Amino acid sequence: MRENKFTVKDYRYCAFGLSALAFISFILTCVIKNRLAVFFGIVAGTALIGGCVCLYLAHRLVAAHTNPFLFDRRRNLTLSPKDLTFAFIEDNLTYFLSAFTENTLDLWNGIPKNLEMALQAEPAYRTPVAFKMLYDLAGLSETEILALFEATDKKTLAAVCRAVKAGGDKEMADILFEMKCDSVRLQTRIVPFFVKNRRCFEGRIFRYVKEHIDEYDKK
């Protein structure tokens with residue numbers, strides 16, 4: 001398959017040219033009173049559709065080659081790292097995970113194989129995803145936190161702990177795994193740990209993404 005050599009500028013220039021052709025053809029359609037009017041009408045419609053297609057392809061190309069944490073897909077804007085907010089980062093993490101699960105809380109029931117493969121291919125996502133799992137769990141009611149944490153298997157929690165430790169929070173990872181391995185004795189510590197640390201999880205996500213922002217660049 002031949003590689004597409006068109007750039008964003010190429011698509012935008014094409015869109016501009018086709019739009020101009022559509023405008024001129026439309027004028028000629030209104031002025032000319034013979035059979036050529038039909039021809040120019042067809043040209044105008046085709047050029048207009050072609051221009052729209054070029055703009056769409058330009059948008060797709062921008063999104064495909066832009067750092068996902070610096071591209072506002074809702075407004076089609078590229079942001080500066082200093083403009084990042086937690087809400088924006090968290091929304092983009094949710095969007096990333098939507099390809100693998102409808103509800104991020106379901107990850108506590110086991111990390112899907114396709115997500116695990118994606119995290120291996122893009123390891124910079126591993127730590128933010130782990131902290132998002134913790135952040136989402138901490139936002140539940142006390143009963144739900146305890147039930148979901150106790151229901152998750154050690155393999156899933158171990159994966160979360162490895163990612164947390166890779167992000168520089170060894171102590172937090174050790175506490176999480178200890179609570180899982182001895183949940184009967186430490187049951188009263190589980191809910192307070194999550195409730196107390198929700199803002200901490202939020203801060204870890206924000207800090208990690210900002211400090212590693214270049215690692216999310218799409219080549």
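The values are calculated or read from the model by the stated rules, or taken from the named source; none is laboratory data. Note that the structure is predicted; figures quoted are calculated from it, not measured. Counting neighbours? That spans all protein chains shown, and the Cβs are built from the backbone with ideal geometry, glycine included. Keep in mind that these areas ignore ligands, DNA and RNA; they rest on the heavy atoms of the full protein, side chains included. Shrake-Rupley method; radii C 1.70, N 1.55, O 1.52, S 1.80 Å.
Accessible area ranking (1.4 Å probe, heavy atoms, ligands and nucleic acids excluded), largest first, for I111, I27, I205, I42: I42, I27, I111, I205. Taking Cα atoms only, the orientation of helix 126-138 departs from the longest principal axis of the chain by about 70 degrees. Among L36, L97, L70, the largest mean-square fluctuation in a Gaussian network model of the chain (Cα springs under 10 Å) belongs to L36. Its relative contact order, with pairs defined as Cα atoms under 8 Å and 6+ residues apart, puts region 55-184 at 18 percent.
Determine the order of Y13, Y95, Y208 by accessible area, beginning with the largest, at a probe radius of 1.4 Å. Each step should come with its number before you reach the end.
Numbers: Y13 155, Y95 130, Y208 30 Å².
Descending accessible area places them as Y13, Y95, Y208.
Could you compute the FRET efficiency for L28 and I49, with r as their C-beta to C-beta distance and R0 at 22 Å, rounded to 0.05? Computed FRET efficiency for L28 and I49: 0.80. Seen against the Cα atoms of the chain and their longest principal axis, helix 170-181 is set at about 70 degrees. Among the protein heavy atoms, those of I89 account for about 0 Å² of accessible surface (1.4 Å probe, every chain in place). Averaged over its residues, the chain has an accessible area of 61 Å² per residue, based on protein heavy atoms and a 1.4 Å probe.
Taking Cα pairs under 8 Å and at least six residues apart, what relative contact order does the chain come out at, in percent? Walk me through the numbers before you get to the answer.
Working: 210 pairs, mean separation 45.2, N = 219.
After rounding, I find 21 percent.
Highest GNM mean-square fluctuation among N197, N67, N114, for the chain modelled with Cα contacts below 10 Å: N114.
When you restrict to C-alpha pairs under 8 Å that are six or more residues apart and normalise by the size of region 67-114, the relative contact order lands at 24 percent. Among the listed pairs K113/K180; K113/K196; K82/K113, a Cα-Cα separation exceeding 25 Å is found for K113/K196; K82/K113. Taken as Cα centroids, region 25-54 and region 150-219 sit 60 Å apart, rounded to the nearest whole angstrom.
Can you sort S98, S25, S183 by 1.4 Å-probe accessible area, starting with the largest? All intermediate terms of the calculation are to be shown ahead of the outcome.
On the way: S98 70, S25 5, S183 30 Å².
Descending accessible area places them as S98, S183, S25.
Surface composition of region 163-213: carbon and sulfur atoms hold 51% of the protein heavy-atom accessible area at a 1.4 Å probe.
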